[in-house]
Each structure stands twice: as C-alpha cells, then as structure tokens.
Amino acid sequence: MSNMNTANPNLFLPSLDDVTHTDPLIVAVGTPIHTVVEQLNRQGATSALIRADGKITGVITIHDIVRLVADNSVPASQAISTMMGRPAVNIARNAPEGVLCALRLFAQHHVGHLIALNPDGSLAGVVSQESICAALTPAMLIRMRTVVEAMVDHIVTAGPDEPLLSIANLMSDHQISSVVITAADAGVTRPLGLITDRDIARAHAASIDLAATRACHHLAPQLISVPPDTTLWEAHQAMDRAHVRRLLVVGTDGSLIGLVTQSALLASTAPQDLQRTFDLLQRSVSMRTAGPLAARPAIGGDAQTRGNIRLLLVDDNGLFLQVLHRLLMSRGFSVAGVASSGREAIEQARTLQPDIILMDVEMPEVGGLEATSAIMDERPDARIVMLTVAEDDETLFDAVRRGAAGYLLKDVDIDQLSQYILGLMRGEAALSPVLAQRVLSALASQMRQGSAFQADPSSMLTHHQIRILTLLAQGNTYKEIGRVLGYSERAIKYHTGEAIRQLQLKDRAEAIAYARAHMQRGTWPRVGDP
C-alpha cells in the first residue's frame, strides 16, 4: 500500500509523490496540433506540458485539443502556442500539506493539472485530478465519508409489544432483513433496538412461539448506535467491535435518524466515477485541513461566549455540512440546526432564531442569495455569512445588497472562521482579506470615476435600512415603524444603528436629517412607496 500523507492523518490521503506523474509528455511551442495529438494517443496521455525557451509555460489537455480541432478556423497544421493551453500553476513537491495543497490549488485556479517542482526548481512531474482519484483506495474513501451518506433513512419500525411473528411478516412484506423497534417519548421516536432475520431464525430453531413472544424480549441489552457525523471507518470499527452488521444512526436528542449496514459500507467504497470522488474531496477539503476534530479550548478565554452563540449551517453538500458542524462544535460553538436547501434555511431561521447563519451560495431551487433576502425580510437583524467557492464580484456585491453581513471563501481556516463569528457578534463584518481587497479596489475605482460611492454613501445601505430611516424622518417611532414594516421594535433599532454606523453619522438626529435631505431630492422613497 502507498504511504499515507502524514500532514493530516485524519484524511488518510496518498502522499504527493504517490499522485505525481514523473514522466509527463512535453511539447515545444511551435509543434503542430496534429503532432501533439499523435503523441498523446501514442502515450495514452490526457495532457502535455508546453515548453518555451527551456521553461514550462503551460499545460494543454485533450479537451483543449478537441476544442481547437472542432474549430474549423484552426487547421490541424496550426502550431501550438503558449496562448492555446492553460497557464502553468506550480506546486512544491515537498509541500507540507501535500495533496491537500493540490486540492486547494485546483479550486483556486480552476485547473486540472499542477506542475510539481523539486526544491531546486527543476521539474518533478505533473499532479492531476485523475492521478489523485486513481490513488484513492477504498480504505481511504471510507475514512472520508460519513454514515449520513450511506445510511437508509426509510426504516420499517415496530413497537416493543409487537409479536415476533408480525415482525417476520414485516420483513417478508418489505423484503428487508431487519426491523427497528421504537417507542415514542415526548414526541420523539427513540430506537430501542433491532430485530434481524437471524433473530427470527434462532427463535424458530429454539421452538419459541413467534406469535406469543413480544419483540422487547429479544432485544440486545445494549443499544448500539452512532451519531450522523460518524465516519464510515468509525462505523466499520464499531460493527467489528460489537460483532454486528448494522448500526442505528441516532441524533443528539436520541431520535432515530437512519440505519447503516455492512453492505452500505461496501457500496460506499466504490464511487461511480472519478469526478464524483474528486468533487467530494474538493468541496470538503477546506474545512478538513484545520486539523484534528478533537475538542480544543477556545482561544482568548471566550469559551462561554462561543457556547452562547447559536449557529444555523446551510449547505447542500452533506459531507461539507457534517465536517463544518463537527469542527464548529469542537471549537465550542452551539449549532442550533442545519439545513440542506435555501427553502429549509428560511424555515429553520424562522423557527430557531439563530444568532448567525452560515449560508452556501449555490443550492438547487432556492439559492443562498434568495434565502438571504427572504430571511432579512422577516428578520432585519439577522447576521448571515455567505460561504462559497465563488470569487466573482457580482455575487459578492449582490450578497451585500441583500443584507449579508459577511462573505467568506470555503477555504477559510476553521480557527479564522471562529474569529469571524466572534467578530460578527461585536458588530464587525466577516470578509476574507482577498475579498476585502477586491471590495476596496472596486470602491477606489468608482471613487476615481466620481461614482455614487463617493457622492452617496447611502448606496451601501440595504433597502430595509433606507425604508426605516425614511419612516423615522417622517416622525414615526420605532414601534410604529415596526408595525408598518412587520418587524419587532428591537429589529428596527438594530437596523437604525447599523445604518448610522455605515453612514458614519453621530446619532439618530443626524440620520433623520440625512434621510430628509434624500427625500427632498427624491432619491429615497416616501411612506407607502414600494
């Protein structure tokens, strides 16, 4: 077996050497396209390095070749140029984080190949998505996935007083090998144990009257269960220790969530395709690189503060959600709930009233931006941070316009994310340095052009803040404004304070004067205006 990456033993990933192709195809600038195609076919390669003036300047892939050949305006005799391929992105062969570093570079630069360099700067080879996926063994995969991804959540259950004969009939009718015995407790369905086909067979062999024997008499004395964030490897170990083939998946409140079996574990070690495996790694690697998941003391003596901050986590990727949940809990935060869609996030925000919401941008049906708008409509004082892999300015500014209090890339370190969360509770914004620089650059550019950012600071206010200041300027009290807009008095006061801070005004009186000036110019709506 290949050596494992020791930079982060929790991941059990291959080492960088294991995934480096040390004899890549290299073509010189000026080589005809048809010659490159012949060499790729002859070597069975999917990419070639482009060399110019003795240096590797880029990578050209099969996909690039197909695109060029498909373009009728580009003849097969056309020579390869540095502009045809993709820019070279380098990775040190001895990079401390190895494959984890490679995964981050893939996501950051939107490339599928990296140039591995020796310490002296010479070429060591090429690292690709395909080479990483090819090096992943089932043993590695089972350590990276959680039982949530493999469990069965549609479970056949029965009460503790159900006769074994009825249990046997349920197994026959549903073509299953086990039935979960449950009991209702304060509105929560709690598992008591399992009755399996083997239990029925043993009872029958012992001449036990199945019709007269209740299920509760054949339950194991100890319930064997695991939480939903348990890795498949940990589940496998639990099965091995208990000599069982099934585990119940139970929530923190003791409720039944699902059932994971040995066959499900085996199925999870055979990914359908390489890209699915790579996507799984790439979307979860950012949070996984933070280190061991064991609980650690909070930094700066803020353990009590962290425990009082209630978080709602929203992401449609189950693995990322579970890892983020586990890491934040290990840093002392209280995760009030999780949601896998924008629609569910809106409902959870309404029910749980979390202090901070960490929201994915790209989700099916209702996306993170739409969910942010809906939540801010109901709770103007909500603190929502967008977590995303996207770096485009349009999404960033759209999130701010919709009321987001922060915008962070998913490769943020977990301890840095913890500090952003604490800062949000102090009224600070959560913006990564890279994105903060882009915001400043955009503002500087527009200020140089005499844009609205310089002449009108109110362009940074949300629609809700403008409406509140307008109503204040017309003589309404906080309570009256809350009645008009359908918000609590506390929410109105909060948004007023935020607007005053953003406009760099001294107090409410200055804010009212500022609003009246805009109303006189007709740039702000009056009462009743949409």
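Results, tabulated for the structure shown:
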| item | result |
| --- | --- |
| Filter result for ASP229 (on the phi < 0 side of the Ramachandran plot, surrounded by 15 or more Cβ atoms within 10 Å (Cβ to Cβ) and either free of Cβ contacts under 8 Å to residues at least 12 places away in the same chain or in a loop (DSSP other than H, G, I, E, B) (or both)) | yes |
| Hey, ALA349 more than 19 Å from HIS325 (Cα to Cα) and not in a loop (DSSP other than H, G, I, E, B) or not | no |
| Selection from the range 86-125 of residues that are among the hydroxyl-bearing types (Ser, Thr, Tyr) and modelled with pLDDT under 90 | none |
| Any hit, the range 205-216, residues being part of a helix (DSSP H, G or I), modelled with pLDDT under 85 and crowded, with 19+ Cβ neighbours inside 10 Å | no |
| Scan of the range 198-222 for residues that are over 12 Å from ILE167 (Cα atoms) and touching a strand residue (DSSP E or B) at 6+ places or on another chain (Cβ under 6 Å), ordered by number | LEU219, ALA220 |
| Residue list for the range 369-398, restricted to those being surrounded by fewer than 23 Cβ atoms within 10 Å (Cβ to Cβ), part of a helix (DSSP H, G or I) and either among the hydrophobic types (A, V, I, L, M, F, W, C) or assigned by TED's automatic domain parsing to the domain that holds ILE466 (or both) | LEU369, ALA374, MET376, LEU396, PHE397 |
| Some residue of the range 189-201 being surrounded by fewer than 17 Cβ atoms within 10 Å (Cβ to Cβ) and more than 41 Å from the chain's Cα centre (by Cα) | yes |
| Flag if GLU347 is at pLDDT 90 or above, in the same structural domain as TYR407 (by TED's automatic domain parsing), of a type in the set (D, E, K, R) and out of contact with any Asp or Glu (no Cβ under 7 Å at 6 or more places or on another chain) | yes |
| Conditions (1) within 33 Å of the chain's Cα centre (by Cα); (2) at pLDDT 80 or above: number failed by ALA509 | (1) |
| Subset of the range 336-346 (residues that are more than 20 Å from GLU149 (Cα to Cα) and assigned to a strand (DSSP E or B)) | ALA336 |
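The values are calculated or read from the model by the stated rules, or taken from the named source; none is laboratory data. In this text the structure is predicted, and so the values were computed from the model without any measurement. We place every Cβ from the backbone using ideal geometry, glycine too, and count neighbours over all the protein chains shown.
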